[in-house]
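Take a look at the structure set out below.
The values are calculated or read from the model by the stated rules, or taken from the named source; none is laboratory data. All values reported here derive from a predicted model rather than from experimental measurement. Note that we place each Cβ from the backbone using ideal geometry, even for glycine, and neighbour counts take in every protein chain shown.
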Amino acid sequence: MDQFFKEIKNQIETDFEKKSALQDLEHQFDVSIIPFKSKFNDKITILPNKLKSEENVSVFISEVVSNYEKFSKSVSELNAKFGQKERLQNKIVEESIYYLLISNYFQVLSNSYTNEVIRIQFVSEKENGIILTPEQVKSLLNFDKIDYQIYLISLLKLIEVIVEYTLNSVINQSIENESISSNYSISLINSQIVSKLQNGFQLLDLKNDILRKKYDSLKYNYQRLNKIVYDLTLRNLITTKIELL
Amino acid sequence: MSSDDLIFIPARDELRIKQDDREEIIRLVRDITSYSKKCIFSCHRSIGLKKLKSELLEYFKILSDRLKKIRIMYITNLHLRGNISGAIEELIEFFTFAYFKNTGKLLPYNDFIIMIKCLILEKFEFIDYLIEDKELEKVDDEIEIDFIDTSDYLMGLFDCTGEIMRLSISQSTNTSGNFKAKETWENYKFLQKLYEQFIILVQLYPGISIYKGIYDNSINSKGSISFKKKLEVFESSVKKIEATLIDMLVSDKEII
């Protein structure tokens, strides 16, 4: 009995050590994604017609990918139990997918935004649509297999950014006091994007888990966007034609 | 191709597979819990060794089948460790109780793992070691058991103490005409020693927690609350045997 409990104590100490190592690693990861966060916090304040198409978007994507590779390698090399590593592993994947989705959203938006007809590809097998597909994410991050649950959570987080960007753009444009601007059309574009995503999410049989909880907030975001579009349409402020393909 | 074809239909298919796996594992662990309980009931019964053996062997067939399936499914469902632990604790409760009833000792963890491997391989001869204290034959086949570790064993041991208490009380009040004071006292000593080890663990790690096979030291966590609750039940089991012993040795005796 004494020997068994001695072994238990050793294992407890080992698990504590691994927990501490994982906490350090998580802190390092949180620090590593601060530049990504700052980049998109700035982006959100820029009006759609002033978004500059970034030539170095591939550089940004490669930064996200290498950051992902670095941290997922560190986690997998840590000889801890799966249950200990699982949360951090999923967090690294989720954050990496999230930044890829946002960067792609702004890139496609900036390329497509004109003062005339705005044509945006929603998803595409070959080129990047405004929403990156799971296969495209898988190929960018060199996954063997995509975890759809994490991909969908990241997608729901992107929707929150889309709503926030719409609100910011409408507020900033209103402050500039120009009644005719293509920038108001961002509300219609984003409302259509969220509508398509909402329809897609309705195809899923969600069980009562974290994905379901996050999905439940989607309807409020959709409602918010629709209200903005309705108000802007009443005032004839949406002047640019939109085509979401 | 539409977004449904590129995103949501494949996502739905994948999520369905995961959900089906989870439900299947829940069904399997339910059987393990149920048949482990049946094994415990058999051990409590006052039946001969032959009858006990035949009852247990029947249950082993089902336990073996369910463990085999879980072992295969667990490889792709590591995140379901928490769903499996409860049933494994019940299984440990049975093994440790059966061994204790036979030998009065704590079943070594390594021997338990050997028996689980035998169970999976349908080599049920280990039953002689479990209930008759014969030699345990080593298994040749190197199979890995990833879904059980010492943390489950520790939690299963807690539950075993409740069975030892039940056994002690029923032994002490059986119809044979004599109180089994010595056996009850031995059980009491065993539980006291085990309780002391658990108390040392709590003193060393006040927030000791076991959850999904992981040891942690965080007060108020789910695993810590469950550990403390089991410890309270353990303490009350020790007290119950203590009271039984006092009754047997002092209160119920007309002449001491």
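Just one of the listed residues (B:GLU196, B:GLU135, B:GLU125) is of a type in the set (Asp, Glu), under 22 Å from A:LYS6 (Cα atoms) and out of contact with any His (no Cβ under 9 Å at 6 or more places or on another chain), and it is B:GLU196.
For (1) of a type outside the set (Val, Ile, Thr); (2) away from chain A (no Cβ under 14 Å); (3) surrounded by fewer than 23 Cβ atoms within 10 Å (Cβ to Cβ), each residue gets a yes or a no:
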{"site": "B:LYS51", "(1), (2), (3)": "yes, yes, yes"}
{"site": "B:ILE62", "(1), (2), (3)": "no, yes, yes"}
{"site": "B:LYS68", "(1), (2), (3)": "yes, yes, yes"}
{"site": "B:MET73", "(1), (2), (3)": "yes, yes, yes"}
{"site": "B:LEU78", "(1), (2), (3)": "yes, no, yes"}
{"site": "B:GLU89", "(1), (2), (3)": "yes, yes, no"}
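Within the range A:213-231, no residue that is closer than 16 Å to A:GLN149 by Cα sits with its Cβ atom under 9 Å from a residue that is exposed (fewer than 12 other Cβ atoms within 10 Å of the Cβ) at 6+ positions apart or across chains.
Does the range A:182-192 contain at least one residue that is of a type outside the set (S, T, N, Q) and in contact with a Lys or Arg (Cβ under 7 Å, 6 or more places away or on another chain)? No, that holds for no residue. The set of residues in the range B:84-104 that are under 15 Å from B:SER151 (Cβ atoms) and not acidic (Asp, Glu) comprises B:ILE84, B:SER85, B:GLY86, B:ALA87, B:ILE88, B:LEU91, B:ILE92, B:THR96.
Which of the residues belonging to the range B:60-78 are among the hydroxyl-bearing types (Ser, Thr, Tyr) and farther than 13 Å from B:GLU122 by Cβ? Let's see the steps before the verdict.
Taking the range B:60-78 first, the residues among the hydroxyl-bearing types (Ser, Thr, Tyr) are B:64, B:74, B:76.
Residues satisfying the conditions are B:TYR74, B:THR76.
This table checks each residue for (1) without any contact (Cβ under 8 Å) to a residue 12 or more places away in the chain; (2) more than 28 Å from B:ILE72 (Cα to Cα); (3) touching a His at 6+ places or on another chain (Cβ under 9 Å); (4) facing chain A (nearest Cβ under 9 Å).
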residue	(1), (2), (3), (4)
B:ALA11	yes, no, no, yes
B:ARG16	yes, no, no, yes
B:GLN19	yes, no, no, yes
B:GLU24	no, no, no, no
B:LYS37	no, no, no, no
B:SER46	no, yes, no, no
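Evaluate the following for B:LYS182: is it part of a helix (DSSP H, G or I) and not assigned by TED's automatic domain parsing to the domain that holds B:ILE225?
Details: part of a helix (DSSP H, G or I): yes; not assigned by TED's automatic domain parsing to the domain that holds B:ILE225: no.
Answer is no for this residue.
Taking into account only those residues within the range A:1-42 that are within 14 Å of chain B (Cβ to nearest Cβ) and among the hydroxyl-bearing types (Ser, Thr, Tyr), which is surrounded by the most Cβ atoms within 10 Å (Cβ to Cβ)? Spell out the reasoning first.
Taking the range A:1-42 first, the residues within 14 Å of chain B (Cβ to nearest Cβ) are A:1-23.
The next check asks that each one be among the hydroxyl-bearing types (Ser, Thr, Tyr); those that pass are A:14, A:20.
Working: A:THR14: 14, A:SER20: 10.
My answer is A:THR14.
If a residue has to be of a type in the set (S, T, N, Q) and under 17 Å from the mean Cα position of the chain (by Cα) to count, how many in the range A:183-206 make the cut? Full working, then the answer.
As a first pass, look at the range A:183-206 and keep what is of a type in the set (S, T, N, Q): A:183, A:185, A:187, A:190-192, A:195, A:198-199, A:202.
Then drop every residue that is not under 17 Å from the mean Cα position of the chain (by Cα), which leaves A:190-191, A:195, A:198.
Residues meeting the conditions: 4.
The set of residues in the range A:49-83 that are hydroxyl-bearing (Ser, Thr, Tyr) and either within 14 Å of chain B (Cβ to nearest Cβ) or within 22 Å of A:LEU22 (Cα to Cα) (or both) comprises A:SER66, A:TYR68, A:SER72, A:SER74, A:SER76.
Among the residues of the range B:203-215, some residue qualifies, meaning at least one is more than 30 Å from B:ILE47 (Cα to Cα), surrounded by fewer than 16 Cβ atoms within 10 Å (Cβ to Cβ), within 12 Å of chain A (Cβ to nearest Cβ) and not small (Gly, Ala, Ser).
Condition check ((1) within 14 Å of chain B (Cβ to nearest Cβ); (2) surrounded by 17 or more Cβ atoms within 10 Å (Cβ to Cβ); (3) not β-branched (Val, Ile, Thr)) across all residues:
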| site | (1), (2), (3) |
| --- | --- |
| A:ASN142 | no, no, yes |
| A:ILE159 | yes, yes, no |
| A:ILE171 | no, no, no |
| A:LYS207 | yes, no, yes |
| A:ASP216 | no, no, yes |
| A:LYS227 | no, no, yes |
| A:ARG235 | no, no, yes |
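Of all the numbered requirements in (1) within 14 Å of chain B (Cβ to nearest Cβ); (2) closer than 20 Å to A:LYS50 by Cα, A:SER182 misses one, and that requirement is (1).
Would you check if there is a residue in the range A:88-102 being assigned to a helix (DSSP H, G or I), within 17 Å of A:GLN23 (Cα to Cα) and of a type in the set (Gly, Ala, Ser)? So that I can check it myself, show each step before the final result.
From the range A:88-102, those assigned to a helix (DSSP H, G or I) are A:88-102; that's our starting set.
Going one step further and asking which of them are within 17 Å of A:GLN23 (Cα to Cα), we end up with A:88-93, A:95.
Imposing the further condition that a residue be of a type in the set (Gly, Ala, Ser) reduces the set to none.
Scanning the range A:88-102, I find no residue that is assigned to a helix (DSSP H, G or I), within 17 Å of A:GLN23 (Cα to Cα) and of a type in the set (Gly, Ala, Ser), so the answer is no.
Scanning the range A:46-64 for residues that are surrounded by 12 or more Cβ atoms within 10 Å (Cβ to Cβ), of a type in the set (Val, Ile, Thr) and more than 17 Å from A:GLU94 (Cα to Cα) returns A:ILE46, A:VAL57.
Filtering the range A:91-133 to residues that are small (Gly, Ala, Ser), under 28 Å from A:SER181 (Cα atoms) and within 14 Å of chain B (Cβ to nearest Cβ) leaves only A:GLY129. Within the range B:194-244, restricting attention to residues that are part of a helix (DSSP H, G or I), farther than 22 Å from A:THR14 by Cβ and among the polar types (S, T, N, Q), the residue that is farthest from the chain's Cα centre (by Cα) is B:THR244. Inside the range A:106-119, residues that are assigned to a strand (DSSP E or B) and buried (at least 19 other Cβ atoms within 10 Å of the Cβ) make up a count of 1. When the criteria are applied in full, A:ASN79 meets the requirement of being modelled with pLDDT under 90 and either assigned to a helix (DSSP H, G or I) or loosely packed, with under 14 Cβ neighbours inside 10 Å (or both).
If you go through the range B:107-139 one residue at a time, how many are within 14 Å of chain A (Cβ to nearest Cβ) and outside any loop (DSSP other than H, G, I, E, B)? Working first, answer last.
Initially, the range B:107-139 is screened for residues within 14 Å of chain A (Cβ to nearest Cβ), giving B:107-113.
Next cut, outside any loop (DSSP other than H, G, I, E, B) only: B:109-113.
The qualifying residues number 5.
If B:ILE62 meets every condition in (1) out of contact with any Gly (no Cβ under 9 Å at 6 or more places or on another chain); (2) within 30 Å of B:THR184 (Cα to Cα) apart from one, which number is that one? Of (1) out of contact with any Gly (no Cβ under 9 Å at 6 or more places or on another chain); (2) within 30 Å of B:THR184 (Cα to Cα), only one is false for B:ILE62: (2).
Screening B:ILE75 with (1) touching a residue at least 24 places away in the same chain (Cβ under 8 Å); (2) under 23 Å from A:ASP209 (Cβ atoms); (3) under 19 Å from the mean Cα position of the chain (by Cα) gives one miss only, at (3).
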